[in-house]
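The values are calculated or read from the model by the stated rules, or taken from the named source; none is laboratory data. Please read these numbers as outputs of a predicted model, since none were measured by experiment. A quick note on method: Cβ atoms are made from the backbone with ideal geometry, for glycine too, and the neighbour counts reach across all protein chains shown. Just so you know, the surface numbers come from the protein's heavy atoms only, side chains and all, with ligands and any DNA or RNA stripped out. Shrake-Rupley method; radii C 1.70, N 1.55, O 1.52, S 1.80 Å.
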Amino acid sequence: MEQLLHYVWKHKIFPLKMLQTTTGEPVEVIDAGLPNTNAGPDFFNAKLKIGGTHWVGNVEIHTLSSDWLKHGHDKDAAYNNVILHVAETIDCEVFSANGEKVPQLQLSCPEAILRHYEELRHAEIYPPCYSILSSLPKLTVHSWLSALQVERFEQKARAIAARLERLNNNWEDVFFITLSRNFGFGLNGDAFETWAGHLPFRAIDKHRDNLFQVEAFFFGQAGLLDEELPDADEYYLKLQKEFRYLQHKFELPAPMTITQWRFLRLRPGNFPHVRLAQLANLYHKGQSLLSRAMEADTLEAVQKLLTTTTSSYWKEHFNFSKASPSQEKQVGKNAQNLIVINTVIPFLYAYGLHKADEVLCDRATRFLESLKAEDNHIIRQWSGAGLHVSTAADSQALLQLQKEYCDKKDCLRCRFGFEHLRQK
C-alpha cells in the first residue's frame with residue numbers, strides 16, 4: 001500500500017484538517033516535491049513549513065515508520081537531507097545517519113481512494129476504468145493521449161538506438177531490419193528480426209541488381225532452402241544451388257532453421273515465403289530505402305515507396321513446389337499502413353532526434369494523425385468503453401497505455417486512473 005501513499009502525497013490528497021508531526025508541530029505542504037524513481041528518498045526538493053520554519057529537502061514515505069530502520073536509512077547518508085518522514089502507521093522514532101531526529105507525519109489513505117483503487121486492480125472487465133471514460137472532458141482525454149503518443153515515440157526511438165549500437169550505427173541496415181520485423185505482422189515478428197540479423201548486407205549489395213540472387217540470399221538465410229523436398233521444382237533447385245554458391249563465396253553465417261518460422265493459423269498471403277519474396281523485391285528495387293523514406297514529405301510518397309510485389313514464381317505459389325491459382329501478391333493497403341505506422345514513422349521521429357531536425361519529428365506526428373486508427377481487439381475495447389478513437393495517433397497512444405499501464409496494473413500513473421480515483 002506504500003505506492004498508494006506515494007500517490008496521496010504527490011497529489012496532496014490530505015484530510016480536511018491541519019497536518020501535524022507526531023510531536024504536534026503544524027505542517028504545511030507548499031510543494032510535495034519531485035517523485036524519484038531511482039535509489040534515494042522518494043521525493044526530491046519538497047518545500048514544507050514545519051512549526052513556523054520553512055524547509056527545502058527530501059521526503060521519504062513508508063507504510064510503517066519502522067521500515068526506515070528495516071531499509072537501513074538510519075545508516076545511509078543519502079537520507080540525511082530528509083526533512084519529513086511520512087508513514088501510515090507510526091511505530092517508532094527515526095534518526096538519520098548523522099544522528100538527527102527526523103520529523104514524522106502520520107498519513108492515511110482516504111477510504112474512497114482506497115476503494116476506487118481496489119476496484120481498478122480487481123476489475124474483471126477491460127479497460128478497468130470503463131465506467132468513467134465516456135464522461136471525461138475532451139481536454140483530459142486529448143492531453144493524456146498526446147502524452148502517451150510521445151512516450152511511445154520515445155520508446156520506439158530507444159529500440160532503434162539499441163539496434164544502431166549493435167550494428168555500428170548503420171541507419172540503412174537498422175531500417176531494413178525494423179522493416180523486416182514488421183513484415184512479420186506480430187506472429188513472425190521475432191523470426192523476421194532474427195532473419196534480418198543474419199543477412200550479410202554488404203554481400204547482398206554486390207548482387208542487388210539481380211532479383212534471383214537476392215531471393216537466394218533471403219530464402220537461404222531463412223533456412224527455407226534446407227528442406228529436402230521430394231517434389232522440388234526447378235526454381236527451388238536453382239535457388240538452392242545459387243545459395244550454396246553464395247554461401248561459399250561470402251562465407252555466410254549459419255542460416256536459420258525452418259522450425260523458427262510459424263505457419264499455424266496464418267493466411268497463405270502471410271506465409272513467410274510470400275513476405276520474404278515481397279521484401280526481396282523491395283530490397284532489389286529500392287536502394288537507399290531509409291534516405292528515400294526520410295525525404296518523402298507526403299504520406300502518399302511513403303506508401304508508393306513501400307509498394308511492392310513478388311517475382312513471377314510467387315504469383316503462382318504460397319510456398320515452394322505446391323502451385324496455387326495465379327494471383328498478384330502485393331502488400332495490401334492495411335498491411336502497408338501498419339508498416340508505415342511501425343517502421344517509417346518511428347524512424348522519422350528517431351532520425352529527427354538524431355539530426356536535431358524538428359521537421360522530421362513533426363512529419364512523424366502529421367503522418368500518424370493522417371492515418372486511420374488501427375483495428376484490433378485492444379482498440380475495439382477502448383472504443384466500446386466510450387472513448388473516441390479516430391486516428392493512428394489515438395490507437396498508438398492506447399496501445400502504449402495498454403502495454404505500459406493497464407497490463408502492469410499501474411493505474412496510479414495513468415490520468416484515466418487518476419480521474420477514477422478522485423470520484424466521490
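For region 377-393, give me the residue count where each residue is over 22 Å from Leu421 (Cα atoms) and either of a type in the set (Ser, Thr, Tyr) or touching a helix residue (DSSP H, G or I) at 6+ places or on another chain (Cβ under 6 Å) (or both).
7
In this structure, does Glu193 turn out to be exposed (fewer than 15 other Cβ atoms within 10 Å of the Cβ), free of Cβ contacts under 8 Å to residues at least 24 places away in the same chain and not basic (Lys, Arg)?
Criteria not met by Glu193.
Would you point out which residue out of Ala97, Ala112, Ala87 is surrounded by fewer than 19 Cβ atoms within 10 Å (Cβ to Cβ), of a type outside the set (Ser, Thr, Tyr) and not in a loop (DSSP other than H, G, I, E, B)?
Checking each option against the conditions leaves just Ala112.
Taking helices (runs of 4 or more DSSP H) that do not extend beyond region 283-395, which have at least 3 residues that are on the phi < 0 side of the Ramachandran plot, of a type in the set (S, T, N, Q) and out of contact with any strand residue (DSSP E or B) (no Cβ under 7 Å at 6 or more places or on another chain)?
The qualifying helices (runs of 4 or more DSSP H) are 333-339.
Which of the residues spanning region 381-423 are within 15 Å of Ser134 (Cβ to Cβ), open to solvent by 30 Å² or more (accessible area, probe 1.4 Å) and over 21 Å from the mean Cα position of the chain (by Cα)?
Residues satisfying the conditions are Gly384, Gly386, His388, Glu419, Gln423.
For region 174-193, which positions are touching a helix residue (DSSP H, G or I) at 6+ places or on another chain (Cβ under 8 Å), over 15 Å from Leu306 (Cβ atoms) and part of a loop (DSSP other than H, G, I, E, B)?
Of everything in region 174-193, those that are touching a helix residue (DSSP H, G or I) at 6+ places or on another chain (Cβ under 8 Å), over 15 Å from Leu306 (Cβ atoms) and part of a loop (DSSP other than H, G, I, E, B) turn out to be Gly184, Leu187, Asn188.
Looking only at region 205-237, how many residues end up being in a helix (DSSP H, G or I), open to solvent by 20 Å² or more (accessible area, probe 1.4 Å) and in contact (Cβ under 8 Å) with a residue 24 or more places away in the chain?
Result for region 205-237: 4.
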